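The values are calculated or read from the model by the stated rules, or taken from the named source; none is laboratory data. Please read all numbers here as calculations on a predicted model, not as lab measurements. Neighbour counts run over all protein chains shown; Cβ positions are idealised from the backbone, glycine included. For the accessible areas, the whole protein counts, side chains as well, though only heavy atoms, and no ligand, DNA or RNA atoms are used. Shrake-Rupley method; radii C 1.70, N 1.55, O 1.52, S 1.80 Å.
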Amino acid sequence: MASSKTLFVPNNTLNPSFISSEHLRSQFRSGASSLTLPSHHRKTLSVISASAGEGEKPTVLISEKLGDAGLAVLREFAVVDCAYSLSHAELCSKIALCDALIVRSGTKVTREVFEAGKGRLKVVGRAGVGIDNVDLQAATEFGCLVVNAPTANTVAAAEHGIALLAAMARNVAQADASMKEGKWQRNKYVGVSLVGKTLAVMGFGKVGTEVARRAKGLGMHVIAHDPYAPADRARAIGVELVSFDEAMSSSDFISLHMPLTPATSKILNDGTFAKMKKGVRIINVARGGVIDEDALVRALDNGTVAQAALDVFTEEPPPKDSKLVLHENVIATPHLGASTVEAQEGVAIEIAEAVVGALKGELSATAVNAPMVPPEVLAELSPYVVLAEKLGRLAVQLVSGRSGIHGVKIIYSSARDPHDLETRILRAMVTKGIVEPISTVFVNLVNADYTAKHRGLRISEERVIHEGSPEIPLDSIQVQLSHVDSKFAGAISDSGNIAVEGRVKDGIPHLTLVGSFSVDVSLEGNVILCRQVDQPGMIGKVGIILAEQNVNINFMSVGRTVRGKQAIMAIGVDDEPNQDTLKKLGDIPTIEEFALLKL
């Protein structure tokens with residue numbers, strides 16, 4: 001394993017949908033002793049500055065406005081070309097002469113841009129958090145590192161959230177517009193007090209935490225929902241962690257700070273609004289897509305939601321005739337969360353330092369697509385990398401969400417000497433599986449430990465030596481989450497932790513243990529876990545319900561501890577069952593609990 005060669009591996013390289021993953025796995029399954037890469041993968045960060053020519057400064061193209069402080073950092077090291085408002089064709093034309101590109105949200109860095117770079121483009125820096133406008137897959141295929149600036153605008157976003165909160169409560173925008181029309185309507189714009197009101201902070205990351213601190217200073221009672229937030233960190237600032245439903249039903253104000261992921265898309269919808277206290281007020285400085293905007297208009301019209309203050313929208317800019325923007329009970333701002341002089345300068349410095357560091361060959365904690373792993377290690381561990389991520393995804397979905405995650409323990413069972421087993425990438429992929437489902441953070445080998453630390457995840461590793469062939473790197477991987485509540489009681493092991501364990505069989509990851517129950521199910525598609533009374537006919541009952549709903553079963557396994565007592569059925573399904581199907585499963589009298597886990 002003492003190889004000087006390194007390989008850029010994207011955070012989703014080993015996801016079956018990624019273009020190069022089959023190339024990697026096919027070589028592993030064929031017994032290849034080394035890994036052969038496509039030509040566009042044969043690049044390393046250590047030679048990233050070579051293309052500018054020996055002794056020459058690299059060229060950095062900046063396509064959108066960047067603060068002077070950031071420009072100063074760049075000019076000390078590189079030739080800086082500020083070319084704003086480029087068309088896509090103009091960008092593709094210029095990029096072949098550049099070693100790095102810095103963008104904000106307006107420039108689309110597509111596959112065509114990377115192709116036009118002809119191998120010289122080594123770094124793309126996104127001056128901000130979101131990287132929706134950068135084709136990460138193409139970047140990785142062409143050996144281009146992508147970095148962002150995730151921390152500099154935290155305070156600015158939190159302050160804007162508080163500004164919207166106060167302005168909405170006191171009808172500042174509406175009263176100002178009325179005054180400018182020559183009116184004096186004191187009785188119409190009577191507001192509500194913030195003191196003593198309950199604010200639910202949905203997403204207790206950096207921005208959410210800062211909003212909570214400020215709201216406490218205003219005399220508000222603050223609760224929060226975030227499945228990853230440690231309860232002790234919340235308690236330290238006087239915030240109570242609650243379930244999603246409790247946050248929705250008990251709050252006077254709801255402030256959104258969650259990322260836009262498949263799990264959070266339109267999470268505020270007709271059903272969610274129906275659970276809220278009548279007259280609730282909504283603030284959103286996160287992502288527009290987390291709200292079903294048509295449903296919000298209906299909730300405003302029927303009085304469920306008294307007011308909304310929005311800085312972000314599903315479509316930006318929103319249509320001029322948007323019913324939501326034009327609604328009399330809505331305050332709208334044009335995505336100003338990070339728009340302070342100080343935040344813009346901070347973002348400029350942060351992204352400039354990340355780009356310069358990358359051009360020098362240094363690793364960055366804000367890299368979003370490029371862990372570095374010796375190719376022979378990756379070739380050997382590739383199926384276990386897939387297993388590690390999926391175990392992380394399974395484990396976090398079993399957490400109820402009230403207590404947060406305090407500790408993560410990864411147990412590797414192997415016949416090898418502990419010094420001959422490289423586990424950094426496995427630890428990184430467990431972290432990725434735990435963090436990514438409800439986060440905008442892209443986890444890889446470069447930033448995994450950094451991400452875990454800043455998410456409050458205390459990750460420990462243990463190696464258990466067993467008898468067997470050292471030719472096989474791992475017998476099993478077990479992931480334990482300690483001091484957490486589980487929404488599926490059967491997943492709690494004898495030690496009191498949520499525990500899931502898996503093995504690789506014929507190159508395919510399998511789930512082999514849930515809590516104290518042994519199972520065997522291929523980790524493909526989705527998994528349904530059912531805890532039931534151990535009696536004949538259960539497999540048939542469940543199978544019939546799924547078959548009637550045209551849900552295909554790809555794997556099924558039943559594990560039990562004592563005959564005739566309790567058992568866990570693990571069912572691999574190709575498609576996600578609908579709510580009606582899940583209800584029918586739950587209505588089977590002998591099924592005590594069940595959970596759908598998405599992979």
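Does the range 242-253 include one or more residues that are at pLDDT 95 or above, within 21 Å of Glu159 (Cα to Cα) and not hydroxyl-bearing (Ser, Thr, Tyr)? So far as the range 242-253 goes, yes, one or more of its residues are at pLDDT 95 or above, within 21 Å of Glu159 (Cα to Cα) and not hydroxyl-bearing (Ser, Thr, Tyr). The single condition among (1) closer than 28 Å to Ile405 by Cβ; (2) in a helix (DSSP H, G or I); (3) touching a strand residue (DSSP E or B) at 6+ places or on another chain (Cβ under 6 Å) that Ile283 does not meet is (2).
Residues that are part of a loop (DSSP other than H, G, I, E, B) and touching a strand residue (DSSP E or B) at 6+ places or on another chain (Cβ under 7 Å) were ranked within the range 547-576; the one that is farthest from Gly525 (Cα to Cα) is Thr561. Residue count for the range 381-421 under the criterion of being surrounded by fewer than 19 Cβ atoms within 10 Å (Cβ to Cβ) and among the acidic types (Asp, Glu): the result is 2. Flag not set for Val297, criterion: part of a loop (DSSP other than H, G, I, E, B), hydrophobic (A, V, I, L, M, F, W, C) and either at pLDDT 95 or above or surrounded by 19 or more Cβ atoms within 10 Å (Cβ to Cβ) (or both). Restricting attention to the range 258-269, the residues that are open to solvent by less than 30 Å² (accessible area, probe 1.4 Å) and within 16 Å of the chain's Cα centre (by Cα) total 4. In this structure, Ala100 does satisfy being touching a Leu at 6+ places or on another chain (Cβ under 7 Å), open to solvent by less than 50 Å² (accessible area, probe 1.4 Å), closer than 21 Å to Gly143 by Cα and small (Gly, Ala, Ser). Among the residues making up the range 310-353, those that are more than 23 Å from Gly67 (Cα to Cα), open to solvent by 60 Å² or more (accessible area, probe 1.4 Å) and not in a loop (DSSP other than H, G, I, E, B) are Lys323, Leu326. For the range 62-90, filtered to residues that are part of a helix (DSSP H, G or I) and among the small types (Gly, Ala, Ser), the residue that is most open to solvent (accessible area, probe 1.4 Å) is Ala89.
Picking from residues in the range 506-556 that are within 25 Å of the chain's Cα centre (by Cα) and β-branched (Val, Ile, Thr), the one that is most open to solvent (accessible area, probe 1.4 Å) is Ile508. Within the set Ala286, Ala274, the sole residue that is at negative phi, buried (at least 20 other Cβ atoms within 10 Å of the Cβ) and in contact (Cβ under 8 Å) with a residue 24 or more places away in the chain turns out to be Ala286. Summed over the range 577-595, residues that are surrounded by fewer than 17 Cβ atoms within 10 Å (Cβ to Cβ), touching a residue at least 24 places away in the same chain (Cβ under 8 Å) and not in a helix (DSSP H, G or I) total 5. Evaluation of Val484 against the conditions (1) under 31 Å from the mean Cα position of the chain (by Cα); (2) surrounded by fewer than 17 Cβ atoms within 10 Å (Cβ to Cβ) shows that the sole unmet condition is (2). Do we find a residue being touching a helix residue (DSSP H, G or I) at 6+ places or on another chain (Cβ under 7 Å), among the charged types (D, E, K, R) and either closer than 30 Å to Ala229 by Cβ or touching a residue at least 12 places away in the same chain (Cβ under 8 Å) (or both) anywhere in the range 494-515? No - not one qualifying residue is present in the range 494-515.
Residue count for the range 355-364, restricted to those that are of a type in the set (A, V, I, L, M) and either open to solvent by 10 Å² or more (accessible area, probe 1.4 Å) or in a loop (DSSP other than H, G, I, E, B) (or both): 2. Applying the criterion of at least 1 residues that are small (Gly, Ala, Ser), surrounded by 16 or more Cβ atoms within 10 Å (Cβ to Cβ) and within 27 Å of the chain's Cα centre (by Cα) to the strands (runs of 3 or more DSSP E) found wholly in the range 145-245 leaves 198-202, 221-225. Please state which of the following conditions Ala343 fails to meet, knowing it meets all the rest: (1) more than 24 Å from the chain's Cα centre (by Cα); (2) over 30 Å from Leu511 (Cα atoms); (3) of a type in the set (A, V, I, L, M). With respect to (1) more than 24 Å from the chain's Cα centre (by Cα); (2) over 30 Å from Leu511 (Cα atoms); (3) of a type in the set (A, V, I, L, M), Ala343 is out only on (1).
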